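Everything on this sheet refers to the single structure shown next.
Computed from the coordinates by the stated procedures, all read-outs in this text should not be read as laboratory data. Just so you know, these numbers come straight off a predicted model, no measurement behind them. Note that each Cβ is placed from the backbone with ideal geometry, even for glycine, and that neighbours are counted across all protein chains shown.
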């Protein structure tokens, strides 16, 4: 019952009822990536979509599937021998709002002090 209610009321938690119905009616399964995301295409059209494994996070789409999703290539990675290039990095979760987030010196969340301003800057004041 909980999963049924989540499917009705939350779009960020995987597929919704509308996506389930559309996928059943018009979708053709294409493949699955290493994260468990499932990729579909419309049988009679150009539409392509992904059903995420877990929380919807577009950055979890690997580079090969990203190219297919955005119509940059016509062949899905499962239909060819696709290898990620050396410069393509593996997925890393967005750390915003966590203890792993980037915090520059001077942030109120770090003990480091902000670097001193050099002499090439004059602060503006409204009376001058």
*FRET efficiency for residue 19 and residue 100, Cβ-Cβ distance as r, R0 = 35 Å, nearest 0.05?*
0.65
*For the chain, what does -39500 (n - 2.57) per DSSP helix run (n ≥ 4), summed and divided by total residues, give at 222 nm, in deg cm²/dmol to the nearest 500?*
-5500 deg cm²/dmol
*What order do you get for 33-39, 68-74 when each peptide is scored by the mean count of other beta carbon atoms within 10 Å, highest first?*
33-39, 68-74
_How far apart, in nanometres, would the label points at residue 71 and residue 123 be if each is projected 7 angstrom from Cα along the Cα-to-Cβ direction?_
5.4 nm
*Classify the stretch 2-79 as rounded, prolate or oblate, taking a ≥ b ≥ c as the square roots of the eigenvalues of its Cα gyration tensor: rounded when a/c is under 1.5, otherwise prolate if a/b is larger than b/c and oblate if not.*
oblate
